[in-house]
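Each remark here refers to the structure printed beneath this line.
Where a number appears in this text, it was derived from the coordinates with a stated rule and is not lab data. Values in this document were obtained by computation on a predicted structure and should not be read as measured data. Here the Cβ positions follow ideal geometry from the backbone for every residue, glycine too, while neighbour counts run over all protein chains shown.
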Amino acid sequence: MPVSKRLAAFALLGLAACASSPEADPRYRPAESVLEVIAVLRRHVPDDTYRFEPAQDFTGRNVYRSTLLRLESMERIHTESLRASQMDGVVSFAKARALERIRAYDLAAEAYLLSAELDAALASEARPSADTCRALHEATALAVGLDDLAEQSGIPSDADSVLARYEERSRRLEELRRVTQGTHYEYVTREEIERTDVARAEYFVALRQILPQGDVRAASELERLVTRHRDSKYANRHVLELAQLYEGIAVEYVDAHPPESLSFDPVRFQELIDSTSRFYEVVAGQDGRPEKLEASRRLEAFLAFALRVDRDRFTR
């Protein structure tokens with residue numbers, strides 16, 4: 001066969017190969033309809049995100065966040081089609097469901113009210129959901145931020161007022177949890193109660209060197225957090241925080257009372273060693289948990305520190 005004809009044959013084979021290339025994996029194709037996107041969200045609305053991590057889509061992104069992005073993208077591209085098919089209310093309702101799971105409660109409430117206006121069939125569920133999201137937004141707004149702490153004068157005397165704000169926030173959330181029991185909002189409110197308890201504990205940990213009996217109060221708040229949220233997906237993280245607090249107190253004690261000095265109290269130091277080790281061991285002994293490795297390494301480092309202190313007591 002002449003060279004020119006051979007090259008032409010190869011070119012035709014190449015074109016045929018390109019034309020018959022395998023189709024992309026269906027999982028990675030763009031969503032073909034808004035109902036397909038909503039179906040994925042609907043499947044995960046009842047998920048217990050207090051005890052378990054939120055579901056992820058095939059890209060590894062939070063399924064609520066990814067659903068919101070896809071719905072917004074479809075709204076931009078297919079605005080007229082959605083309006084013509086009277087899907088605006090359904091899309092707004094689905095966006096509200098996604099927004100409430102990423103803690104945008106004020107926006108979720110607005111989206112629910114819009115869906116109730118656009119689709120009368122959704123109003124009976126959308127309006128109560130809007131009320132719940134509005135209540136969640138008002139309760140979470142009672143948080144104490146860094147700006148609030150910076151503006152405080154006489155921090156020890158203001159600790160009671162800060163605690164009162166946390167207590168009021170918890171009270172409102174607990175009431176919401178009781179009202180919404182049996183719905184997916186129960187998990188949402190439990191998550192917010194946990195965040196409130198975390199913020200409360202972090203406040204006292206941050207100010208433990210300023211407040212009277214600060215170490216005792218900080219430890220008490222973290223122990224309260226651990227006790228109240230044993231079923232949380234972050235339960236091990238809370239125990240690690242408590243162990244790290246005791247470790248920090250132990251290090252500070254050694255800095256203030258050198259091991260070779262007469263002010264060093266071996267009994268007091270041993271109590272700190274036992275408390276720290278016990279909490280690290282609780283997490284380090286749980287197979288299959290992501291915090292296991294961190295707890296094991298921190299425990300090894302802390303025990304090495306304790307051995308060095310014991311050695312310094314008799315060699316310096």
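Legend: ranking of residues S33, S66 from fewest to most surrounding C-beta atoms inside 10 Å; resulting order S33, S66. Counted by neighbouring Cβ atoms within 10 Å, the residues H184, H229 run from fewest to most as H184, H229. A simple count of charges around E167, restricted to other residues whose Cβ falls under 14 Å of its Cβ and scoring Lys, Arg +1 and Asp, Glu -1, yields +1. With N counted as the residues of region 150-287, its alpha-carbon radius of gyration over 2.2 N^0.38 Å works out to 1.24.
For region 238-307, the Cβ-based charge dipole about the Cα centre amounts to some 200 debye (Lys, Arg positive; Asp, Glu negative; other atoms uncharged).
How many percent of Cα pairs in region 203-258 exceed 15 Å? Cα-Cα pairs in region 203-258 separated by more than 15 Å: 51 percent.
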